[in-house]
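K.L.:
Sharing a structure below in C-alpha cells format, with a few things to ask.
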Amino acid sequence: MTTDLYDQLQINVAVRAQGLSKSFGKKQALTGLDFQIDSPSITGLLGRNGAGKTTLLKMCAGHIPPSNGLLQVWGKAPLNNLNVLSMLIYSTHDVSYSQGISLRAILNDYVRFFPNFDNDFATGLLEYFDLDVTSRYARLSTGQKSTFNFAAALAARAPLTMLDEPTLGMDVAVRKAAYEVLVREYSEHPRCFIIASHLMAELENLLDSILILDAGKLVLHDSIDELRQSAYQLRGPAAALEAFTAGKKIIRVDQGEITTTVVVHEPAAEEVQREAQAAGLHVSALSPEELYICLTQESKGGDLECLW
Amino acid sequence: MSLVKVSRLELANAYQLFRLKLRDSQRGIVAVLVFMFALATLNAASAWQGFASSTDMLSSQNFLDYSALLLILAPAAIAYIFWQEAAGKNAIYPQTSMSRFLSTQMLSLFFVLLALVSVLVLNLIVHLSFSLISNWVPNLIMGYSFSPAFLASGFVAAFVFLLVVTAGFAFLTELVKAFRLYAIVPLVAFIIFVQFYHLTPLFPFDDTLAGIHALFTGLIWRFLHPASLVSFVAICLLASAILLSLGIILRHFNAHGRDTNKNSLLFTFAYVPVIALILVMGFDLYFDDSLHLSPDSAIAVFPAEPVTITVDAQLVPEGSPVYVLTQSIHRDRMNVDESSVVVISSEEDVINSVFTFSQMRLTAFEEHGFSPLQHWSDIYAAREVDELGVESKRSAFTGDKIVVEYKPASFNKGSARLQNLVSPEISAHLQVWAPEDGSFAQDTLVVQHSYTGEGKVLFVPIWSMLGLIGENAQNARPNIVISAQ
C-alpha cells in the first residue's frame, strides 16, 4: 500500500528541510538547516562526532520532533504520521531489540512492520555475511550486529533507507562486501539512501551527493562530482600564495618551514590553474575526504603539541 | 480538537506492537506463573504437614492468597511494561505516539486479565485437589466453598483495581515525559510522605502535618473502604477514567518521540518509589489475616445453626421479675467476649424488651488462669444477671413460655472461624421460688450452653481485597436469644 502511494504520488523529494533547528534544553544540536534530498539517490551525511547527524536522522525518522523550522519526508511531517513512517527505515549499528531474541524472530517482526520487506533476500544476505539466523542478537559482536542491521535495513526496501554508521565495528572485508551489496541493491531497487558515517574515503565512490554538518550547521550539500571540483590546493612560498589568494575563499592554511599549503574552496577553473602555475605555485586537486576534513576541522580542540 | 483520533492503520500498528511486546514479555509471564504454581505446591505440602502434626480436635490450615500476591506483583509488572516503552525498545519499527500508547495499554490489560485468570485457575486446582482428597480423608473440610458468584465479584473488584493501577502508570508516564524532573521531584516527595505516613509508629507526625495527614487518611479510607462492591467498581472506573484522560491530554500537548534512552533513567526514578509504595501497602493486605477470611460470601457456607429450646413459664406469676443465670463452657480460644445473652420478653407476640449482657471474659479468664499456650482447656463462665426487663424498665414478666435460642460464638483457631464445626448444646430450666411473705417471686432462668467439635479445616482464600469492601467486612455476631412469648 505504501509503495503504491509512493508510486502514485511520484514524489521525488525524499527529505526537505527549511530553517530546521533542534535543541535539547540549552544545547543547540542543529541550527537553521536548509536542504533537499531527492530520490533515488545515495546521500552521505558526514560530520564529526556531535555534529548533529544522528539528531537529523532521528527527526527524519519521526523519533524526535524538530524544535523549529520545516521538515518533510515524502512531502509530510514524519512525526506520528504512519503513512510516512511506513515508507522509511532508520537503522543504526545497534538497534534495541527484545532481550534474548533470535535473528529469525527479528526478521519475522520486520515482515509485519515493513510492507516491502523481502525475507528471502534478508535470509540470503545473512547467509552471505555468514550470520546464523538462529543466533541470539544479544550474543553477536558489535560488527555482527552492524552487519545484521545493515542487511535487515536493505531487505526492508523502504523508499527512504537511512543508515546511521552502518559499518561500525565491521572488519575491512565485511565493510567492502557491504558496500558492494549496497551498490547492487541500489541498482536493482533504486530508492533514497542516506548514510551517516565518518568514513568519507570508503563512501565517496558510492555517493551521489554529500551533506556535511559541522557543529549543527550545514556546511556543504553538493553532488559528489561537484564536490570534487569545488576546491583545490595550492602549495608554494608564503608571499606568492598570499598575493594569489587575495579575495579567494580560503578554508585551510598549513604553514611549513619552506612552503605553505592553502586550500581554496572554489572551483579550479583552467584559467586559475594557469595563473597559479605562472605565479610559481603548485596546484593539485583535493579529494572529498580532504575537503571534508578541511570543512570540519575548525572546531577541533587545542594544540596537540602543548600536551608534550 | 480530537484527543483520541485513531486511524485504522494506527489500530493495526498498535496490535502489531502489542504482539511484539507480548512476545517480549513471555519469559516474565512464564516466570511469574511458575513462581505462583511453585508457591501453591509448597503451600499444599505445608498444609498437609500441618494437619499431620496437629493433635487438636479442631485444627485449621490457611493457604496463601494468590490474589493478594498478585496485587503486589502486577503493579510492578505494569510499571516494567511502561518502562520498556520509555526505554525505546523496538523503536526501529514504524509507530506513532498513539499506537505506542494503545499497544502499552493493550499489553497491560492483557497481563491483568491473564494474571487474574491464573489466580482463578490456581484457586480452582488447589480447591478441587483438596476436595478430592477430602473424600478419602475423614474430617478434612474445605473452609471456603468454590462460590462462582463470590469469585466473579472478586474478579471484577481486582480487575477494576488494576485498571486504576494501569491508568495511574499511564498518567505518571505522560507526566514524567511532559515535565521530567519537575514532575519527579514533587512526586517522589509526596510518595516519601505517604511512606512515612504508613510507617507512622516509626516516624511520628509533627502537628504541622496533622491537617494533611487527616486529609490523606480520609481519602485513603474512602478509597479502600467503599460501602459496596458497586461503589468500589464505580470509584475505580472513575479514577481510571480521570487518570487516563489526564494522560491522553498531556500526551496530546506534548509531542514526543520514541527514542528516549535518557528517559529510562528518569522513569526508573519515577516508578521505583511508586512500586515501593504499592509493595508496602500490598504487603499489608497480604499479611492482614482478618482481610483474608472476612468476606461474608466466603463464610456463608457456615451458618452457625442456632439451637432453640422452650421453657414452660406458666408457673411464673404474672408481673414478677425473672432472673437469668447463664453457665457456659468455652473451649480453647472461644471468643467469650462475643457471647451474649439476649433476653426478650414479648406481649402478644410483639417483642418489646431486650436485655443483653456480655462482660464475661475477664471473669472467666481470671478465674481459670487462661494462657494463650493452653489448648483445649475448658473455661467456665457464669454470671447471674439482673432481672428480665430491667433495661426497658419493664420488670414485669408476662407470657407463659420462654424461648431460649443459642447460637455459638465465633470460634477462632488462629485466624480461622470454625463455628460451623461446633455442635451447640444448650439446656435451660426455670427455678421458681415463691416467697412466703407474699412479695414478688425470685424466679431464675438457668441456661447452660456449650459445644463439641472435631475436624481439620483447610482455608483456600481468594480475593482478600473484598474484605476491604463495605458489608463484607462485617462479621456475624453469635448470640443467645431468650424470648418470652
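The values are calculated or read from the model by the stated rules, or taken from the named source; none is laboratory data. Here the structure is a predicted model, which is why all the values come from computation and not from measurement. For neighbour counting, all protein chains shown are included, and Cβ atoms are generated from backbone atoms with ideal geometry for every residue, glycine included. Side chains included, ligands, DNA and RNA excluded: accessible areas come from the protein's heavy atoms. Shrake-Rupley method; radii C 1.70, N 1.55, O 1.52, S 1.80 Å.
K.L.:
According to the Cα gyration tensor, what semi-axes, each the square root of 5 times an eigenvalue, does the equivalent ellipsoid of segment B:66-171 have, listed from largest to smallest in whole Å?
P.N.:
38, 13, 10
K.L.:
Shifting gears a bit: Find the sum over both chains of the accessible area lost when A and B are paired, probe 1.4 Å, and report it in Å² to the nearest 100.
P.N.:
2300 Å²
K.L.:
Given bins 10 angstrom wide, list per bin the percent of all Cα-Cα distances in segment A:61-156, short to long.
P.N.:
15, 44, 27, 13, 1
K.L.:
Can you give the Rg to Rh ratio of segment A:173-252, both from alpha-carbon atoms, with Rh computed by the Kirkwood formula?
P.N.:
1.11
K.L.:
What do you get for Rg/Rh of segment A:34-80 when both radii come from the Cα atoms and Rh is the Kirkwood radius?
P.N.:
0.95
K.L.:
For segment B:88-103, which residues drop by 30 square angstrom or more in accessible area between the chain on its own and all protein chains together (1.4 Å probe)?
P.N.:
Those are B:Lys89, B:Asn90, B:Ile92, B:Tyr93, B:Pro94, B:Thr96, which lose 30 Å² or more relative to the chain on its own.
K.L.:
Simple spin-label model, 7 Å along Cα-to-Cβ: A:Gln229 to A:Lys176 in nm?
P.N.:
According to this spin-label approximation, the distance is 3.2 nm.
K.L.:
Follow-up question, since we're still on this one. How many percent of all Cα-Cα pairs in segment A:134-189 sit more than 18 Å apart?
P.N.:
32 percent
K.L.:
Could you calculate the FRET efficiency of B:His429 with B:Leu42 from 1/(1 + (r/R0)^6), where r is the beta carbon distance between them and R0 is 51 Å, rounded to 0.05?
P.N.:
Plugging the Cβ-Cβ distance into 1/(1 + (r/R0)^6) gives 0.40.
K.L.:
Say we join alpha carbon atoms closer than 10 Å with springs in a Gaussian network model of chain A; which of A:Lys145, A:Lys176, A:Lys22 then has the biggest fluctuation?
P.N.:
Taking springs between Cα atoms under 10 Å, the residue moving most is A:Lys176.
K.L.:
Could you tell me the calculated FRET efficiency between B:Ala241 and A:Phe35, based on Cβ-Cβ distance and R0 = 56 angstrom, to the nearest 0.05?
P.N.:
That gives a FRET efficiency of 0.75.
K.L.:
Here is a follow-up. Pull up all non-local amide H partners of A:Asp214: gap of 5 or more, or a different chain, and H-to-H distance under 5 Å with H placed in the peptide plane.
P.N.:
Those qualifying (amide H under 5 Å, at least 5 residues apart or on another chain) are A:Val219.
K.L.:
Separate question: So which of A:Lys176/A:Lys217; A:Lys217/B:Lys177; A:Lys22/A:Lys145; A:Lys53/A:Lys249; A:Lys76/A:Lys248 end up more than 32 Å apart, counting from Cα to Cα?
P.N.:
A:Lys76/A:Lys248
K.L.:
Can you order the peptides A:178-184, B:128-134, A:269-275 by their average number of other Cβ atoms within 10 Å per residue, highest first?
P.N.:
In descending order of packing, they fall as A:178-184, B:128-134, A:269-275.
K.L.:
Right, next: If you line up the long axis of helix A:103-113 against the longest principal axis of chain A, both from Cα atoms, how many degrees apart are they, to the nearest 10?
P.N.:
Value to nearest ten degrees: 90.
K.L.:
Under the definition of partner shielding as Cβ atoms of other protein chains within 10 Å of a residue Cβ, what is the mean value for peptide A:92-101?
P.N.:
Per residue, the number of nearby Cβ atoms from other chains is 5 on average.
K.L.:
Here's a follow-up. Could you list the GluC sites (Glu not before Pro) in segment A:223-262 that lie in coil according to DSSP, counting only those with at most 14 other Cβ atoms within 10 Å of their Cβ?
P.N.:
Hits after loop and neighbour filter: A:Glu257.
K.L.:
Given a 1.4 Å probe, how much area per residue of segment A:43-139 is accessible, in Å²?
P.N.:
39 Å²
K.L.:
While we're on this one: Once you average over the residues of A:107-116, how many Cβ atoms of partner chains fall within 10 Å of each Cβ?
P.N.:
Mean shielding count: 3.
K.L.:
Another one. Once the cut-off is 12 Å, how many percent of the Cα-Cα pairs in segment A:83-133 end up in the long-distance tail?
P.N.:
70 percent
K.L.:
Could you tell me the extents of chain A's C-alpha atoms along the three principal axes, largest first, rounded to whole Å?
P.N.:
In descending order, the Cα extents are 66, 41, 39 Å.
K.L.:
Separate question: Please express the shape of segment B:10-79 as an equivalent ellipsoid: the semi-axes are the square roots of 5 times the eigenvalues of the C-alpha gyration tensor, given largest first in whole angstrom.
P.N.:
The three semi-axes for segment B:10-79 are 40, 11, 8 Å.
K.L.:
Further question: What residue among A:Leu140, A:Leu79, A:Leu33 has the largest mean-square fluctuation in a Gaussian network model of chain A, using Cα springs under 10 Å?
P.N.:
The residue that fluctuates most here is A:Leu140.
K.L.:
I'd like the distance separating the alpha-carbon centroids of segment A:217-236 and segment A:89-111, in whole Å.
P.N.:
38 Å
K.L.:
Further question on the same structure: Debye sum, Cα scatterers, segment A:177-306, no solvent: what log₁₀ I/I(0) at q = 0.12, 0.21 1/Å?
P.N.:
Those come out to -0.57, -1.23, one per q.
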